1. Find the residue count for region 121-142, including only residues that are in a strand (DSSP E or B), of a type outside the set (Ser, Thr, Tyr) and away from the ligand (no atom under 14 Å from the Cβ).
2. Return the residues of region 18-46 that are over 20 Å from residue 194 (Cα atoms), buried (at least 22 other Cβ atoms within 10 Å of the Cβ) and free of Cβ contacts under 8 Å to residues at least 60 places away in the same chain; say none if nothing qualifies.
3. For residues in region 14-66 being among the hydroxyl-bearing types (Ser, Thr, Tyr) and under 14 Å from residue 98 (Cβ atoms), which is farthest from the ligand (Cβ to nearest atom)?
4. Taking residue 156 as the residue in question, decide whether it is of a type in the set (Lys, Arg) and within 15 Å of the ligand (Cβ to nearest atom).
5. If residue 76 satisfies all but one of (1) out of contact with any Pro (no Cβ under 7 Å at 6 or more places or on another chain); (2) within 14 Å of the ligand (Cβ to nearest atom), what's the number of the condition it fails?
6. Would you point out the residue of region 99-120, among those that are buried (at least 16 other Cβ atoms within 10 Å of the Cβ) and among the polar types (S, T, N, Q), that is farthest from the ligand (Cβ to nearest atom)?
7. Here are the criteria: (1) surrounded by fewer than 17 Cβ atoms within 10 Å (Cβ to Cβ); (2) in contact (Cβ under 8 Å) with a residue 12 or more places away in the chain. Tell me which single one residue 197 does not satisfy.
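Every read-out reported here was derived from the displayed coordinates using simple, explicitly stated rules and does not represent laboratory data. None of these values were measured; they are calculated from a predicted model. Here Cβ is always computed from backbone atoms with ideal geometry, including for glycine, and neighbour counts include all displayed protein chains.
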Amino acid sequence: MALKMACIQLDIAFGNPEENKKRVRSEIEKVMLQQPDIIVLPELWSTGYDLTRLDTIADEHGSDTKAFISELSRLYNVNIVAGSIAKKTDTGVTNTMYVMNRHGEIVLEYSKLHLFKLMNEHLYLQPGKTEGLFTLENTLCAGVICYDIRFPEWLRVHTTKGAEMIFVVAEWPLPRLNHWRVLLQARAIENQCYVIACNRAGRDPNNIFAGHSMIIDPWGEIISEADENPCSIVAKIDLDKVKQVRQQIPIFTDRRPDWYIN
Ligand SMILES: NC(=O)CCC(=O)C(=O)O
């Protein structure tokens, strides 16, 4: 089965959800001219890392984001992996990903499990408590958020359950661009799955971001890669390739989990 993927590598307005909603709406309208099946947005696309102001700018229970993304997915009849947003809950703020299908229904709510201390997430955010498995277009998928990709065992939890596509949403800074590219390729090769990774572009008061959103096939080949500027990348993927690669080198039947230390 072939699917067309689009990553919107947005330049995020710092701490300005209304402006970012305008940008997302306009970028989705533009990218829909290429008729993708699935659109991916970056991490914390509505606020950026304006963590000290989350009290006023985080989305109460994610309600505003859910209504906004649901409207767009129905309007354009498209699946949206809606990056992540700061969600205000009764017990704190989480960095939460929503995925909506073409009917505007939520098929995943996942909050970032691994909080990134280098960007102060642990001071302002609560970690998630659920995994990132979901189904889109009859295909099992996983959603993870940025720093999560440094934990191969977390992604493995999802691929041992059958995930064939891993969606990564990120605000990954430029000084670690090399890590971003190598880790994403490694996650695709070791899990023999597609990796669709959407980073942000631009800068905020503390960081310059790397861009380089990528679509990588189960053999580790980069099908499409952005540069560091705001843009969208669009590419077709063929899910039969997941089965082919998994048959050729059957790591999921050859693995010896009894021997692995947890
Ligand atoms: N937003 C993030 O989780 C950034 C992760 C990161 O930069 C890293 O090096 O890991």
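1. Narrowing region 121-142 to residues in a strand (DSSP E or B): 125-126, 133-136, 139-142.
Next, only the ones that are of a type outside the set (Ser, Thr, Tyr) stay: 125-126, 133-134, 136, 140-142.
Subsequent filtering for residues that are away from the ligand (no atom under 14 Å from the Cβ) retains 126, 133-134, 136, 140-142.
Number satisfying all stated conditions: 7.
2. 20, 24, 28, 46
3. Let us first name the residues in region 14-66 that are among the hydroxyl-bearing types (Ser, Thr, Tyr), namely 26, 46-47, 49, 52, 56, 63, 65.
Now drop any that are not under 14 Å from residue 98 (Cβ atoms), which leaves 46, 63, 65.
Working: 46: 15, 63: 24, 65: 18 Å.
Once the filter is applied, the top-ranked residue is 63.
4. Taking the combined requirement at face value, the residue does not satisfy it.
5. All conditions pass for residue 76, except number (2).
6. 101
7. Result: residue 197 passes all but (1).
Every residue, every condition in (1) within 30 Å of residue 25 (Cα to Cα); (2) more than 15 Å from the ligand (Cβ to nearest atom), yes or no:
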position: 148; (1), (2): yes, no
position: 151; (1), (2): no, no
position: 193; (1), (2): yes, yes
position: 208; (1), (2): yes, no
position: 228; (1), (2): yes, no
position: 235; (1), (2): yes, yes
position: 239; (1), (2): yes, yes
position: 246; (1), (2): no, yes
